[in-house]
Amino acid sequence: MPLVRISLRAGKSEAYRQAVGEGVYQALRETFNVPDEDRFVVVSEHGAADFQFSKTYMDIARSDDLVIIQITVSNTRNVAQKQALYARIAELLAREPGVRGEDVFINLIEVAKENWSFGNGIAQYV
Amino acid sequence: MPLVRISLRAGKSEAYRQAVGEGVYQALRETFNVPDEDRFVVVSEHGAADFQFSKTYMDIARSDDLVIIQITVSNTRNVAQKQALYARIAELLAREPGVRGEDVFINLIEVAKENWSFGNGIAQYV
Amino acid sequence: MPLVRISLRAGKSEAYRQAVGEGVYQALRETFNVPDEDRFVVVSEHGAADFQFSKTYMDIARSDDLVIIQITVSNTRNVAQKQALYARIAELLAREPGVRGEDVFINLIEVAKENWSFGNGIAQYV
């Protein structure tokens, strides 16, 4: 059910972009109890003028390797689970494809369970 | 008021992408009582590495023709209306441009009515 | 903390797209009390078929210079602040890079404060 949008600077390999999506999916599996195969990830690449960000906000030294991850999920997780998700995404992306923790920006959008249709025009979670 | 984001694999014609937006708009008109001309749709095309999805989740056989539709709307619809929307989008897209029901993924994000400005810096729904 | 997505027709200069992001950031600073350097903006350009919008909805005469701005923010602002934000964005974009008020479309998505990680896998606002 999560729908993941990943935005980053153009120039990384396809394997790199695949790996970012894979890491986010694995972290969702482990910390949000997302079912096996519940994987929907869209990646967009941007030039410098179209990817504007602070290299200092919150005293975090971001680089041009910044990855902005916005995840829409059902509104059923508590704060501890969210903290676990952020930590696990950062950990997995550091390992593969090798993103520095400072370059992992995450935002969650929460929606009702009835707000999803996975195909065939049906609200499968109702 | 709905803002519709449509993501799909690159390679479809302009007429095809136009038709997907048109079908979603018509379904919103019919099931969510969206006013005439309230149409704002952004489409993005992606290569395979940037469009990662399960071909089996929920036993739905998705193909590379998958269309991911994320719609931001005001939070005024009930579950029955949402179910009607999903069904109608799938029905209309099957007809034109010809998307299989299995390839129609829909997510709704709901916001307060005051969260929109349609121009001129004014919150028209307040 | 705001994450800003800007969508517009392809063909504007990099300076123009930078200026739109800058104006939105400045307006957020002034009306939403966003901290200095809290700036995260992603811009995407689209061809005509992928940027479908009404040129008349709400009797607002939109042109191909339409800018669709979707901002994800924490859910801590009241209606008056939102109205001030819309007005200020329109005002600043009219000044630089010169967007007509009719061509400024804004939508807000609100989330809990714990829904952000600005780096290092930590939920900095918890």
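The values are calculated or read from the model by the stated rules, or taken from the named source; none is laboratory data. Keep in mind it's a predicted model, so treat the numbers as computed, not measured. We place every Cβ from the backbone using ideal geometry, glycine too, and count neighbours over all the protein chains shown.
Within the range A:11-32, being under 17 Å from the mean Cα position of the chain (by Cα) and either modelled with pLDDT under 95 or within 30 Å of C:Ala10 (Cβ to Cβ) (or both) holds for A:Lys12, A:Glu14, A:Ala15, A:Tyr16, A:Arg17, A:Gln18, A:Ala19, A:Val20, A:Gly21, A:Val24.
Taken as a whole, the structure places C:Ala80 among residues that are of a type in the set (A, V, I, L, M, F, W, C), part of a helix (DSSP H, G or I) and over 21 Å from C:Arg9 (Cα atoms).
For first residues located in the range A:4-29 and of a type in the set (Ser, Thr, Tyr), partners that are not in a helix (DSSP H, G or I) and lie 6+ apart or on another chain with Cβ distances below 6 Å form the pairs A:Ser7/A:Ser44; A:Ser7/A:Ile68; A:Ser7/C:Val42; A:Tyr16/A:Pro97; A:Tyr25/A:Arg39.
The one condition from (1) facing another protein chain (nearest Cβ under 9 Å); (2) crowded, with 18+ Cβ neighbours inside 10 Å that C:Val79 does not meet is (2).
In the range C:93-104, the residues that are over 20 Å from C:Ser54 (Cα atoms) form Cβ pairs under 6 Å with partners that are in a loop (DSSP other than H, G, I, E, B), at six or more places apart or across chains, as follows: C:Leu93/C:Val99. Being closer than 27 Å to B:Glu37 by Cβ, over 14 Å from the mean Cα position of the chain (by Cα) and either more than 10 Å from chain B (Cβ to nearest Cβ) or touching a residue at least 60 places away in the same chain (Cβ under 8 Å) (or both) is not true of C:Gly47. B:Phe53 meets each of the listed conditions (1) buried (at least 17 other Cβ atoms within 10 Å of the Cβ); (2) under 30 Å from C:Asp59 (Cβ atoms); (3) over 15 Å from the mean Cα position of the chain (by Cα) apart from (2). State yes or no: is B:Asp65 buried (at least 20 other Cβ atoms within 10 Å of the Cβ), within 30 Å of A:Glu22 (Cβ to Cβ) and either modelled with pLDDT of 95 or more or not small (Gly, Ala, Ser) (or both)? Taking the combined requirement at face value, the residue does not satisfy it.
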